[in-house]
Amino acid sequence: MRRTSLFLFGVAAGALVAVAAVQPRALLGTAAEAASSDTYRQLNLFGDVFERVRSDYVEKPEDSKLIESAINGMLQSLDPHSSYMDAKNHRDMQVQTKGEFGGLGIEVTMEDGLVKVVAPMEDTPAAKAGVLAGDLITKLNGEAVQGLSLNEAVDKMRGAVGTPITLTIVRKGADKPLDLKVTRDTIKIKVVRSRVESGDIAYIRVNSFNEQTFDGLKKAIDDLTAEIGPDKLKGYIIDLRNNPGGLLDQAIAVSDAFLDRGEIVSTRGRNPEETQRFNARGGDLTKGKPVIVLVNGGSASASEIVAGALQDQKRATVLGSRTFGKGSVQTIIPLGQNGALRLTTARYYTPAGRSIQAKGIEPDIVLAQDMPDEVKAKFGATGDTTRGEASLKGHLKNGDDEQAGSPSYVPPDPKDDTQLKLAVELMQGTVKNAAFPATPSKTTQAN
């Protein structure tokens, strides 16, 4: 089954067809045969090189690795987002997009060669077993984690639901290491987080677009509406900063949550008949309340679809800095036991017909986030932490006005979050800006 994703990631052909159409049939056949013959000669060349490497390289190479590297080289010559995934990487991608897996329920990082617990997730096996933020995991089932990569350690902690694992933990203040037995359970990644801002504004943070995103958004809207009260609620702030994207269908569903009608996005492949248009189905979950969308240079792909749709349909005010500019669609094509092919198959366009490929979404209100001095020192005077699609080698071209680089840093301390502060002030009406209407505009049909 093919799956369309959008992770952080024409004319000449038409003219060629028109010219070929007036050529004699015999010439067309001759040209096609010549092209086919040339292709087979190139494939023979590949076979010759492959056999020479197998027989003469200084060490005996592994055939499967040679072939896999050749496939990767072919795909990487197309664009930065086409790639081959072996069976393990394909499984990992499926876990990421599904948003749930058998595991312990802890967010971890690597520190001094050990696995450090950033935070245990609520109501998960790890939290119930007593794992705390700041714990250092030194052993997994008695095997030292020193020397393992973070991904290798995570793979060992994940597993079948109902199976146990013993974590050996060094905890600050404890006299000796602790052994905690944890039984794996189904863990759902929380991609949507929400809270009340200033007593009457709903703040919803969307971290990525996996299979859980729309359901998480709908629950957040329902919960915040009930907590604040539908009459008291002033509006919604949707935070898509540093959201790298994900599944196309989830980007469409999230956009649809705020729209009654109108186009959301269109995708256009190499052939005109492959064009698809996706429209809102009606039923604005927010009942027409004002919406502000926060974006930055780390907002890519599916995030840009949502921001572009709500901006073009005059449904939301987009605030922040220019987005990443990944306007291409990747289709995941399973290859049986051999993994999967991730292939760029289309560009996407906003309702107004804009391709944001290598350009990004320009906010209605531009406000670059302030950055700490240490971040500026690391990334340069401008503090550009995101290069943007236009700076990626081999990216799909989009005219002469491509844009690269946009600030993407979001401070972890809310009191220093100038973009969120301005969004709250706009929603409360304490500051005025022409880009933010006093009353929400009705959704308009795209032409």
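The values are calculated or read from the model by the stated rules, or taken from the named source; none is laboratory data. Remember, predicted model here, so these are calculated numbers, not experimental data. Here the Cβ positions follow ideal geometry from the backbone for every residue, glycine too, while neighbour counts run over all protein chains shown.
Summary table
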| read-out | value |
| --- | --- |
| Residue within the stretch 248-257 that is in the same structural domain as Ser355 (by TED's automatic domain parsing), buried (at least 22 other Cβ atoms within 10 Å of the Cβ) and in a loop (DSSP other than H, G, I, E, B) present | no |
| Hits in the stretch 230-248 - residues which are closer than 17 Å to Ile264 by Cα and of a type outside the set (A, V, I, L, M, F, W, C) | Gly245, Gly246 |
| One residue from Val431, Val410, Val375 being at pLDDT 65 or above, of a type outside the set (Lys, Arg) and over 24 Å from Gln76 (Cβ atoms) | Val431 |
| Selection count where residues are among the charged types (D, E, K, R) and either at pLDDT below 95 or closer than 15 Å to Gly297 by Cβ (or both), scope the stretch 343-372 | 3 |
| Hits in the stretch 200-247 (condition: within 16 Å of Val306 (Cα to Cα), assigned to a loop (DSSP other than H, G, I, E, B) and among the small types (Gly, Ala, Ser)) | Ser208, Gly245 |
| In the stretch 329-342, residue modelled with the highest pLDDT [restricted to those that are of a type in the set (S, T, N, Q) and surrounded by fewer than 24 Cβ atoms within 10 Å (Cβ to Cβ)] | Thr331 |
| Qualifying residues in the stretch 378-407 (those that are at pLDDT below 80 and touching a helix residue (DSSP H, G or I) at 6+ places or on another chain (Cβ under 7 Å)) - the one farthest from Ser299 (Cα to Cα) | Gly383 |
